[in-house]
Amino acid sequence: MLHSLQALFAPALAERLTLVINHVLGAEAVATQRLRPHAGRTLSLALNGWPSLLPQPPALAWRVTPAGLLEWCGLDGTPAPDLHVQIDASNPALLVARAVAGTPPAVQIDGDAQLAGDVNWLLQNLRWDVAADLERFFGPGPAQTLHRVGSALASALRAGLKGASELGERLRSRAP
C-alpha cells in the first residue's frame with residue numbers, strides 16, 4: 001500500500017518542487033540568464049544515504065529550458081545527465097531544518113564544469129523572498145503579519161527538527 005501511495009504522490013511532489021524552483025529562479029533575472037546558455041542540458045539530484053525506513057524519493061532530474069528554467073524529466077529521469085548533484089540525506093530532519101533556515105546543503109557536483117559553476121552559484125546566491133510573495137498577494141500590512149507568524153513557525157519547526165535530529169543521532173550512536 002505504501003508503494004502505491006508513493007507512486008501517486010511522488011510525481012506530484014516532484015512537479016511541485018519544480019514549480020517552486022522555477023518560481024525562485026524566475027524571481028531573479030540573473031538566475032535565468034545563467035541557465036539559458038545550458039538549454040537542453042540535464043541535471044540530476046541524488047539524495048545519498050536516504051534512510052531505508054522512509055519511502056524512496058522520486059527520481060529527480062531536470063532539463064534546462066531555453067527560458068533558463070527547469071523542466072522535470074519524469075519518473076524515468078535521464079540516463080546520462082550532464083550534471084549530477086549529490087546531497088547527503090542521511091539525516092532528512094537536519095536537511096529540512098537547514099533548508100528552512102535558508103542554509104544551503106553541502107553538495108557534491110560532478111559533470112559539465114560550466115553548468116556546475118552556474119548551478120553552484122545559484123545554490124550559493126538564490127533565496128526565496130517569501131515576504132515579497134506575501135506582499136504581492138495580501139498587501140504590505142497583512143504580509144508583514146503573515147511573514148512574522150511564518151517566521152515564528154519556521155523557528156519552531158527548526159527547533160523541533162533540530163531536537164529530532166539530535167535524538168536520532170543519539171539513538172544511532174547507541175545502536176550496535
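FYI, it's all coordinate maths here, none of it is from the lab. Quantities reported herein were computed from a predicted structural model and do not represent experimental measurements. Cβ coordinates were reconstructed from backbone atoms using ideal geometry, including for glycine residues, and neighbour counts include every protein chain displayed.
For region 21-116, the average shadow cast by the Cα convex hull is 6.6 nm², which is a quarter of the hull's surface.
Just the number, please: percent antiparallel of the DSSP beta bridges in region 2-128, rounded to the nearest 5.
Antiparallel: roughly 65 percent of the beta bridges in region 2-128.
By the beta-carbon count within 10 Å of each Cβ, the least crowded to most crowded order of Asp110, Asp118, fewest first, is Asp110, Asp118.
Taken one residue at a time, the phi angles of region 31-43 give Karplus couplings (6.51, -1.76, 1.60, θ = phi - 60°) of 5, 5, 5, 5, 8, 3, x, 9, 3, x, 7, 10, 9 Hz. Gly and Pro are set to x.
Highest-first packing order for the peptide set 86-97, 30-41, 9-20 is 86-97, 30-41, 9-20, based on the mean count of other beta carbon atoms within 10 Å. A cut-off of 5 Å between modelled amide H atoms, ignoring neighbours fewer than 5 places along the same chain, links Ala46 with Val85, Gln86, Ile87.
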